[in-house]
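Worksheet: one structure, shown below.
The values are calculated or read from the model by the stated rules, or taken from the named source; none is laboratory data. Source: prediction; values computed, not measured. No Cβ is skipped: glycine too gets one built from the backbone with ideal geometry, and neighbour counts run over all protein chains shown. Remember, those area values only see protein heavy atoms, side chains included, never the ligands or the DNA or RNA. Shrake-Rupley method; radii C 1.70, N 1.55, O 1.52, S 1.80 Å.
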Amino acid sequence: MSTNAALRPQPTPAPDVDSPPAPDSAPVRRWPGLVVRAPARPAPAAALHSIAAATTVLLALVAIGAMIHEPVLIPPLAASAALVHSAPNLPLAQPRNVVIGHLLGSAMGYAVLAAAGSSAWAAAVAAGLTLGLNMLARTPHSPAVATAVIIVLQTPAPGRFVPLLFGATVLLVLTGYAASRVRRKAPAYPVYWW
């Protein structure tokens with residue numbers, strides 16, 4: 001084999017989808033050295049525990065907002081709660097990613113808002129830049145990208161929004177920590193703090 005032939009990309013074989021499906025999951029797809037399948041369904045008690053914990057913290061955010069007459073529950077925080085309580089072992093759900101990711105998203109949102117104003121175009125740019133910033137900071141957290149979009153489109157006052165966002169993310173993390181200690185079979189959260 002010549003040197004040039006060895007450097008050329010080799011064709012990737014098509015995934016094998018003829019394997020029998022695993023119980024309660026999609027068909028197994030095989031790539032060289034890799035088996036991919038949908039996660040198993042959680043046990044009913046585990047699902048109920050996760051749903052109850054996520055709903056409790058989201059209701060707490062609504063209650064706090066009602067008491068201080070400020071909206072505290074925003075869609076990205078609901079998405080963060082879903083990650084923390086349904087996928088606590090994922091890097092996206094770890095405290096560093098949740099708290100710092102949202103703070104970086106808010107910083108980028110306000111920076112783009114100051115530079116370009118409030119528009120859907122600016123919101124899209126803020127989302128992309130937030131994704132890049134979070135990747136550079138090693139704090140990827142997809143809901144934080146939506147935080148930047150909300151800031152550009154809704155232009156909340158930073159003096160109120162950022163402290164509430166910080167407090168809400170800390171509350172999400174602490175609720176995840178507490179919920180993982182209440183149920184004995186629950187996965188330990190967090191996998192790492194920082």
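Across segment 94-99, rounded Karplus estimates of 3J(HN,Hα) from the backbone phi angles (6.51 cos²θ - 1.76 cosθ + 1.60, θ = phi - 60°) give 6, x, 4, 6, 5, 6 Hz, Gly and Pro being marked x. Put the Cα centre of segment 137-194 next to the Cα centre of segment 77-115 and the gap is 5 Å. What the pair-distance distribution of segment 65-194 shows, using all Cα-Cα distances binned every 10 Å from zero, is 14, 43, 31, 10, 2 percent. The modelled label-to-label distance between L174 and A63, using points 7 Å beyond Cα along the C-beta direction, is 1.3 nm.
Computed with a 1.4 Å probe over protein heavy atoms only, the accessible area of M135 comes to about 120 Å². For the peptides 177-185, 149-157, 40-48, the ranking by packing is 149-157, 177-185, 40-48, with the highest mean count of neighbouring Cβ atoms within 10 Å listed first.
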